[in-house]
1. Kindly indicate whether any position in segment 52-66 is part of a helix (DSSP H, G or I) and either modelled with pLDDT of 90 or more or within 17 Å of I97 (Cβ to Cβ) (or both).
2. Looking only at segment 110-147, count every residue that is under 16 Å from E58 (Cβ atoms) and of a type in the set (D, E) and tell me the total.
3. Filter segment 46-56 down to the residues that are open to solvent by 30 Å² or more (accessible area, probe 1.4 Å) and either under 10 Å from the mean Cα position of the chain (by Cα) or without any contact (Cβ under 8 Å) to a residue 12 or more places away in the chain (or both) and list them by number.
4. I need the full set of residues from segment 38-72 which are among the β-branched types (V, I, T) and closer than 26 Å to A117 by Cβ, in order please.
5. Identify, from the list D105, D114, D130, the residue that is open to solvent by less than 40 Å² (accessible area, probe 1.4 Å), of a type in the set (D, E) and in a helix (DSSP H, G or I).
6. Which numbered condition in (1) modelled with pLDDT of 90 or more; (2) over 16 Å from the mean Cα position of the chain (by Cα); (3) open to solvent by 80 Å² or more (accessible area, probe 1.4 Å); (4) not small (G, A, S) is the only one that M92 fails?
7. Please state which one of F50, F73, F104 is within 20 Å of S129 (Cβ to Cβ) and touching a His at 6+ places or on another chain (Cβ under 8 Å).
8. For segment 82-99, which positions are in contact (Cβ under 8 Å) with a residue 12 or more places away in the chain and among the charged types (D, E, K, R)?
Amino acid sequence: MPSKQVKDILDHVRSVHHQLNKVCHQLSTNEPDERLQLLLAYIGRHEEAFNSAVRRYEKESNVKTALDTWLQFTADETITEAFANLDLHAGMTAEEIVEQVLSFDAKLMDLYRDLAASTSSSQVRDLFSDLVQMAEGKQHQYARILQEWE
């Protein structure tokens, strides 16, 4: 079974979050509806905030061993597929956009949970558990935004 270091897994995850940020930015610049522009910009900021949080984590000297930890990992295709299945395009409603982003995040949360459960390292387990919590917080924020729009 293939193995990867935690830092390589995080790089891949950050990469797809960065790509999602770019997609949101591109859609926002061509979106005539100001509310959808704001939603797309908000989603993009969340994606960038996720990347910044992971980068800060990686710079902490006490987690170097966690980043260098090797895990049994065969989910590169899962991450790439989750992003490929994300279908954001012009003409979508706010609900459709949020549904797509939440579906993407749910797939990543499942991956984080699996990774947390598969390691004996408490630092690695805590890292992936923190990523789940970040994604869950984002889900709640998006749900609140949609409720306010109704």
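The values are calculated or read from the model by the stated rules, or taken from the named source; none is laboratory data. This structure is a prediction, so every number in the text was calculated from the model and none was measured. Heads up, the Cβs are rebuilt from the backbone with ideal geometry, glycines too, and the neighbour counts pull from every protein chain shown. For accessibility, only protein heavy atoms count, side chains too; no ligands or nucleic acids. Shrake-Rupley method; radii C 1.70, N 1.55, O 1.52, S 1.80 Å.
1. Yes, there is a match, as at least one residue in segment 52-66 is part of a helix (DSSP H, G or I) and either modelled with pLDDT of 90 or more or within 17 Å of I97 (Cβ to Cβ) (or both).
2. Number of matching residues: 2.
3. Selection gives H46, E48, A49, S52, R56.
4. Within segment 38-72, V54, V63, T65, T69 qualify.
5. Result: D105 is the single residue among D105, D114, D130 that is open to solvent by less than 40 Å² (accessible area, probe 1.4 Å), of a type in the set (D, E) and in a helix (DSSP H, G or I).
6. (3)
7. Going through F50, F73, F104 in turn, the sole match is F50.
8. D87, E95
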